[in-house]
Amino acid sequence: MTMPHDAVILAAGGSRRLGRPKQLLTRGGETLVARVARLVLSTRPGEAIVVVGAHANEVATVLGAIDVQVIVNELWQTGMASSLRLAADALAGRGRPTLVTVVDQPALEARHFDALIAAHDDGQDTVTAYHEAAGVPAILRASTLSRAMELEGDVGFRRLWSGTTPRSVRADELADDLDNESDLRRAVAAGWLDDPGE
């Protein structure tokens, strides 16, 4: 049985360094934002929220037929913290762990979400470890997500872990994100993205 949980997809970024919307790149003809939404919904969350910002109209249109709640972050240019605050506000009082993910890890598969859920207990947050780092996708306890109101600027929830050690599930392939054109070409070569030039 799936652990009761909610889910948040952070999809508000402007993709400035890449020069094109990451959310709308495709894999197998499916946009990354729609693909991640589909993978998230396979975990059967109680609520599934997508926070959009840059390119909000185009991204919301892609999500139109998908059973997610779209929230527009008008302050997306201030960084990730504003999206986390919106998500925390939308889920306030539900008291469930929340799966938090992004759209620019093109190697992401549903089995990783399943592994995070299987590893999680409510004694600590559960994060993804890749190489020497740790971060999203992650499952945050309700108490951690509620503290997102403390965050400002372009910071994520790592700031909330001071003094604690989250549980981790390793997935080194998720270290490959889409910050620039070189990352994009590498993802295309690996078969994780359609070639946007074709």
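Read the figures in this text as sums done on the coordinates, not as results from a lab. Everything quoted here is computed from the prediction, not taken from an experiment. Please note: Cβ atoms are built from the backbone with ideal geometry, for glycine as well, and neighbour counts cover all protein chains shown.
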Worksheet item: So which residues in the stretch 71-89 are surrounded by fewer than 18 Cβ atoms within 10 Å (Cβ to Cβ) and among the polar types (S, T, N, Q)?
Response: 77, 78
Worksheet item: Among the residues of the stretch 1-15 satisfying the criterion of being among the hydrophobic types (A, V, I, L, M, F, W, C) and part of a loop (DSSP other than H, G, I, E, B), which is nearest to the chain's Cα centre (by Cα)?
Response: 12
Discussion item. Which residue is nearest to residue 75 (Cα to Cα), if the candidates are limited to the stretch 36-57 and must be surrounded by fewer than 22 Cβ atoms within 10 Å (Cβ to Cβ) and touching a residue at least 60 places away in the same chain (Cβ under 8 Å)?
Written reply: 39
Worksheet entry | The one condition in (1) aliphatic (A, V, I, L, M); (2) within 19 Å of residue 184 (Cα to Cα); (3) within 15 Å of the chain's Cα centre (by Cα) that residue 18 fails to fulfil | (3)
Worksheet entry | Counted residues, the stretch 90-116 - those being of a type in the set (Asp, Glu) and either over 24 Å from residue 62 (Cα atoms) or in contact with a Ser or Thr (Cβ under 6 Å, 6 or more places away or on another chain) (or both) | 1
Discussion item. Out of the residues in the stretch 1-33 meeting the condition of being surrounded by fewer than 22 Cβ atoms within 10 Å (Cβ to Cβ) and hydrophobic (A, V, I, L, M, F, W, C), tell me which one is nearest to residue 146 (Cα to Cα).
Written reply: 3
Discussion item. Only one of 117, 139 is touching a residue at least 40 places away in the same chain (Cβ under 8 Å) and farther than 21 Å from residue 81 by Cα. Can you tell me which?
Written reply: 117
